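The values are calculated or read from the model by the stated rules, or taken from the named source; none is laboratory data. Quick caveat, the model's predicted, so the values are computed rather than measured. Backbone-built Cβ (ideal geometry, glycine too); neighbour counts: all protein chains shown. Accessible surface is based on the protein model in full, side chains and every heavy atom, while ligands, DNA and RNA are left aside. Shrake-Rupley method; radii C 1.70, N 1.55, O 1.52, S 1.80 Å.
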Amino acid sequence: MSPRSSVGSALSRRSGLLAGFGVALLVLASLIGGWWLGRQGPSTSAELRSRQVLQQEMLRLRQQQADGQASDVEQRRLLQLLLALEQPAEATQLLEAMADQQPDRWSLRLLLAELRRDQNDRAGAEREVRQLLNLKSDRIEALQLMALLQLEQGRGAQAQTHLTSAYVAATKPQLQPQALPIGLILADLMLQRGQLEQADGLYRSLAASFPGDVRPVLARALLKQQQGNSKLALELIAKARAMKPEQWDARVDQVAASWGLKPLQRPTKGTATKNPAPTSDPPAPSISSPDGATGAGAPTAPSLPQNPASAAPPSL
């Protein structure tokens, strides 16, 4: 996989794998953004001159780093320049040093794992992610990337077992907020492994457990549309819109229109309850823990998110 394509997949993975989390990764996004821009290559004399300026700045900062005089801000700028100027090996070396020096800034190690993955060092990437999970076993971004790495290496069953354990732990002895993002990642993994019914059941369970959150409802709408059930997909979108009519994102209507569905009308005051949820669905199954126990309100089997990009990257 080329660096350019993997950068795109890294961003999309976060949104998809986390199926709509919206984790703030402004600094990381800017770093990756600079990398992507650098990959486009200069096409005009102005762009060429700009690239030369960046190279000069990189050389200056590289010397400061070698002399041990680079500040934290300068190190981050150097990292951004190395990525933009297509020097991932040196960027990886710098980022590894930064992550070791600042162990509390977990986003640095997460980006390091991303860079290793981009260079086809999946074993190295997995090693970095394990360090994050050893510090915080329910770190959403780390769970997401670990599942993706395992899936890419043909270890989807292992990824599903790991996510299922994390999901069950987030639902017992009582439901925790992180159960929702973990469940969304798990459902996406199920979809990628062809377990459509289990993913559907998990979405329904998540929607029941988190009735104020539209994400599992919208994720299920997408699944139904992909299965050719446009009627149910539209009903689910209407249900999601009725849940939070004043916070509705018009882009969802645009997606519905791209499916060939008529854009929804904003419900008027007092009509939110007139958009009933589909009544044709059977009860959502419960999800089994690795030892065979079942958690109430949890779906049946585990999986990983389809859109690895559904979770935005963390801030540095």
Subject >> Matching residues, the range 163-179, being without any contact (Cβ under 8 Å) to a residue 40 or more places away in the chain, over 17 Å from the mean Cα position of the chain (by Cα) and open to solvent by 20 Å² or more (accessible area, probe 1.4 Å) >> reply: ALA169, PRO173, GLN174, GLN176
Original post:
Restricting the range 65-82 to residues that are out of contact with any Pro (no Cβ under 9 Å at 6 or more places or on another chain) and closer than 19 Å to GLN52 by Cβ, which is most open to solvent (accessible area, probe 1.4 Å)?
Top reply: ARG77
Original post:
Which of the residues that make up the range 170-217 are small (Gly, Ala, Ser), more than 21 Å from LEU149 (Cβ to Cβ) and assigned to a loop (DSSP other than H, G, I, E, B)?
Top reply: GLY212
Original post:
Could you list, in sequence order, the residues of the range 116-127 that are more than 24 Å from PRO181 (Cα to Cα) and either within 17 Å of the chain's Cα centre (by Cα) or surrounded by fewer than 13 Cβ atoms within 10 Å (Cβ to Cβ) (or both)?
Top reply: ASP118, ASN120, ALA123
Original post:
Is it fair to say GLN93 is open to solvent by 80 Å² or more (accessible area, probe 1.4 Å), within 21 Å of ASP118 (Cβ to Cβ) and free of Cβ contacts under 8 Å to residues at least 40 places away in the same chain?
Top reply: yes
**OP:** Give the range 128-156 a look and list any residue that's without any contact (Cβ under 8 Å) to a residue 24 or more places away in the chain, surrounded by fewer than 15 Cβ atoms within 10 Å (Cβ to Cβ) and assigned to a helix (DSSP H, G or I), or say none.
**Re:** ARG130, ASN134
